[in-house]
Amino acid sequence: MNPIGTFIKQKRKEAHLTQVEFAMRSGLGLRFVRELEQGKETVRLDKVNQALSMFGMEAVPGAKERR
């Protein structure tokens, strides 16, 4: 699983939301939410940002994760 998918899944569960509830509240399709959480690599950045915005976050293209 990729870091963004892991983050979304963790935050969604912390918010006590099912994938269906998260999809409805974020305005995304259930299939997209499932694929994102499963780590599909060919997801659209605008939709990833739409999901991340539910938790006050945004993906920055080309940014590297700091360790």
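Suppose only helical runs count, i.e. DSSP H with n ≥ 4. What mean residue ellipticity at 222 nm does that imply for the chain under -39500 (n - 2.57) per run, divided by all residues and rounded to the nearest 500 deg cm²/dmol?
-15000 deg cm²/dmol
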Sort VAL33, VAL20 from largest to smallest accessible area, using a 1.4 Å probe on the heavy atoms of the protein chains. VAL20, VAL33
Which GluC sites (Glu not before Pro) from region 9-46 combine a DSSP loop assignment with at most 16 other Cβ atoms within 10 Å? GLU41
May I ask for log10 I(q)/I(0) of the chain at q = 0.25, 0.26, 0.27 Å⁻¹, from a Debye sum over the Cα atoms as equal point scatterers with solvent left out? -1.19, -1.29, -1.40
How high is the FRET efficiency between GLU14 and LEU45 when r is their beta carbon distance and R₀ equals 30 Å, given to the nearest 0.05? 0.80
Leaving out ligands and nucleic acids, and using a 1.4 Å probe, what accessible area per residue does the chain come to in Å²? 73 Å²
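The values are calculated or read from the model by the stated rules, or taken from the named source; none is laboratory data. On a predicted model such as this, the values are computed, not experimentally measured, just so you know. Backbone-built Cβ (ideal geometry, glycine too); neighbour counts: all protein chains shown. What goes into the accessible areas is simple: the full protein's heavy atoms, side chains included, and nothing from ligands, DNA or RNA. Shrake-Rupley method; radii C 1.70, N 1.55, O 1.52, S 1.80 Å.
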